[in-house]
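Visitor: One structure is given below, represented as structure tokens, and several questions about it will come after.
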Amino acid sequence: MQETRFVVDIDGMDVPAVLTTPAQPRAALLLVPGSMNVDVEGNFAPMFPGQVQVNTWVYKQLAAHGITVLRFSKTGPGTGSVTRDEARVKEHYGEFPHRVAAADQFLDELQRRAPGLPLVAAGHSEGAVVVTQLARQREDLAGLVLLSGPSKPLLALMIWQQYENQQRTEGADAARTAEYEQALAWARDYAAGRTIPEDRPANRFGQMFTFFQNPQAVRYLRGVEQVDPCAELAQVRQPVLIVQGGRDESVHEPNAALLQAAQPRAEVARFPELQHFYKQVPAGLTPMESFQVSTVSDPAVAQAVADWIFRTVPAS
């Protein structure tokens, strides 16, 4: 396996990338990272003082034998990305649609470096939303892999998952359900740019809106909230593989069923004992405990992705 490291100028930002090439590749895969400050290996740099560095190495470990894989980092502190043209960066970055534009440029780079191979795009977490939108505009993509992909916009997802957790552990509660529906309405208002009430702390889901009101992030996060992953996936024509961990505390297991309902042609690969980064974890961990597990990702996931590609994607 040959590994080549390089940078690509994406609208004034030098973004690190890694290309892994086996001796006899049968397909080429673009691996699009998830949210936050994540590097080419899938490691998360702290976004604010006191936040813990999280090392997952998951993107490196997803590079399967028999497939040329191009993976790249996000931008921000700790990712290795370097600003070269501040004016261009200010013009293009800061909004969610730019993530799709960046992925499109990296797909061109992969096509140039792996000519003649069938192209597949895989996105992890938020990256799954990115590649779903990318697939709608790139007919040369032969397949799509959603790795721990959400079925709802981020804020709506967080509210829904907290509600489902509380309903399951504490029992049904009519007052909680009313607050849940109110919070979802606020999420829709947020996505549309409408004013959100100031008395949110009275709602048990209201604290989730605090980060989303950060002036430095609101443009980006509002753009994320405007995208319905299921509605986008329903319009995808390519073959789709949905990969889901049963102990994923970031994107809960029911998301896979909702995605498949939106795109019935999709296949689902479930791994009951794996978390968000496909690591074996015991049941009962808190979301933060699960997120910070630093063991090796289960190689069965990369193998399942490779097997699906070889079975589904036409050879060149």
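Visitor: What does the net charge come to around residue 9 if you take all other residues with beta carbon closer than 13 Å to its beta carbon, with K and R at +1 and D and E at -1?
Guide: Summing Lys and Arg as +1 and Asp and Glu as -1 gives -3.
Visitor: Here's a follow-up. Rg and Dmax in Å for the range 154-220, alpha carbons only: what are they?
Guide: Here Rg and the maximum Cα pair distance are 12.2, 38 Å.
Visitor: Then there is this: Filter the chain for me: DSSP H helices, axial length by Cα at least 15 angstrom, mean Kyte-Doolittle hydropathy not below 0.5. List them by residue number. Show your work: numbers first, answer last.
Guide: Working: long enough: 97-113 (25 Å, -0.93); 126-137 (18 Å, 0.33); 154-170 (23 Å, -0.72); 174-192 (27 Å, -0.47); 299-312 (20 Å, 0.59).
Membrane-span-like by this rule: 299-312.
Visitor: Quick one: 65, 252, 92, fewest Cβ neighbours within 10 Å first, how do they rank?
Guide: Starting with the residue having the fewest Cβ neighbours, the order is 65, 92, 252.
Visitor: Please list, or write none, the lysines whose alpha carbon is within less than 19 Å of the alpha carbon of residue 74, excluding same-chain residues fewer than 8 places away.
Guide: Of all the lysines, those that pass the test against residue 74 - Cα under 19 Å, at least 8 places apart if same chain - are 60, 90.
Visitor: If you don't mind, another one. Based solely on its DSSP helices, what 222 nm [θ] is calculated for the chain when runs of n ≥ 4 H residues each add -39,500 (n - 2.57) and the sum is averaged over all residues, nearest 500 deg cm²/dmol?
Guide: After summing the helix terms and dividing by the residues of the chain, the value is -11500 deg cm²/dmol.
Visitor: Could you grab the Rg to Rh ratio for the range 239-301? Cα atoms only, Kirkwood for Rh.
Guide: For the range 239-301, the value is 1.00.
Visitor: Which of the aspartates and glutamates could a cross-linker span from residue 279 if the Cα-Cα distance has to be under 19 Å and same-chain partners fewer than 8 positions apart are dropped?
Guide: Cα-Cα hits under 19 Å: 39, 41, 126, 248, 249, 253, 289, 298.
Visitor: Which order do 225, 95, 126 fall in if you start with the one that has the fewest other Cβ atoms within 10 Å?
Guide: Final ranking by Cβ density, sparse to dense: 95, 225, 126.
Visitor: Same structure again: How many percent of DSSP beta bridges within the chain run antiparallel, rounded to 5?
Guide: So the antiparallel bridges in the chain amount to around 40 percent.
Visitor: Where Rh denotes the Kirkwood radius from the mean inverse Cα pair distance, what is Rg over Rh for the chain?
Guide: Using only Cα positions, Rg/Rh for the chain is 0.96.
Visitor: Sort 194, 200, 219 by Cβ crowding within 10 Å, fewest neighbours at the top.
Guide: 194, 219, 200
Taken together, the values in this text are just the output of simple stated rules run on the coordinates, not laboratory data. The model shown is predicted, which means the values in this text are computed figures rather than measured ones. As a convention, Cβ positions derive from the backbone with ideal geometry for all residues, glycine included, and neighbour counts pool all protein chains shown.
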